[in-house]
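Single-structure report; data block below.
The values are calculated or read from the model by the stated rules, or taken from the named source; none is laboratory data. Keep in mind that what you see is a predicted model, and the values were worked out from it rather than measured. Every residue, glycine among them, receives a Cβ derived from its backbone with ideal geometry; neighbour counts consider all protein chains shown. Remember, those area values only see protein heavy atoms, side chains included, never the ligands or the DNA or RNA. Shrake-Rupley method; radii C 1.70, N 1.55, O 1.52, S 1.80 Å.
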Amino acid sequence: MLPGFRFHPTDEELVGFYLKRKTQLRPLSIDLIKQLDIYKYDPWDLPKMATGSGEKEWYFFCPRDRKYRNSARPNRVTGSGFWKATGTDRPIYSSEGNKYCIGLKKSLVFYKGRAAKGMKTDWMMHEFRLPSLAAAGHHSSKRFVDTTIPPNVRTTQKGFDFSRS
């Protein structure tokens, strides 16, 4: 990376620029966010795999993995634990024009062990995704869906922001 460079994008920039470009197959000339199947690794192994990683935050693109082939339920299990969602998805709004929803943010915490007896750790992750067609169907406005993104790639990529408190 460049000397003095700090990568601190806002939620709107992560979704509206980086994740959107990724799904549109429009790469940047500089590799700021690495593509990695994060669930093949435990969270403490991820910082050394990030591009231009910071001290407490790391960013990755990850293909969507499902727990069951015919289900929308995501598989968030790693070698020594699992990521558990906390709260509900929070909308990310565009600051321009109509201020419509351009993405969703989910917070997750890492637990060591199996789901029933897992021990909470201080590892936290923010999962960013573009709104899906299904989500748009629950709203009266179709502004939820970005029609510039091909339907087959709208929900195949997710962006992640890891942090450790």
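Taken over the stretch 1-44, residues that are under 23 Å from CYS101 (Cα atoms), among the hydroxyl-bearing types (Ser, Thr, Tyr) and surrounded by 16 or more Cβ atoms within 10 Å (Cβ to Cβ) amount to 2.
When each of LYS99, LYS84 is tested for being assigned to a loop (DSSP other than H, G, I, E, B) and either modelled with pLDDT of 90 or more or over 19 Å from the mean Cα position of the chain (by Cα) (or both), the lone residue that passes is LYS99. Of all residues in the stretch 95-107, those that are within 15 Å of GLU13 (Cα to Cα) and open to solvent by 40 Å² or more (accessible area, probe 1.4 Å) have Cβ atoms under 6 Å from Cβ atoms of residues that are part of a strand (DSSP E or B) and not acidic (Asp, Glu), 6 or more apart or on another chain, in LYS99/TYR93.
Taking every residue in the stretch 58-75 that is under 20 Å from LYS22 (Cα atoms) and pairing it with any residue that is modelled with pLDDT of 75 or more and among the charged types (D, E, K, R), at least 6 positions away or on another chain, the pairs with Cβ-Cβ distances below 7 Å are PHE60/LYS34; PHE61/LYS22; CYS62/ASP37; PRO63/ASP37. Among residues of the stretch 111-122 that are touching a residue at least 24 places away in the same chain (Cβ under 8 Å), those with a beta-carbon under 6 Å from a residue that is of a type in the set (A, V, I, L, M) and loosely packed, with under 12 Cβ neighbours inside 10 Å at least six positions away or on a different chain give the pairs LYS112/MET119; GLY113/MET119.
Of all residues in the stretch 12-26, those satisfying the criterion of being out of contact with any Leu (no Cβ under 8 Å at 6 or more places or on another chain), among the charged types (D, E, K, R) and more than 10 Å from PHE61 (Cβ to Cβ) are GLU12, GLU13, ARG26.
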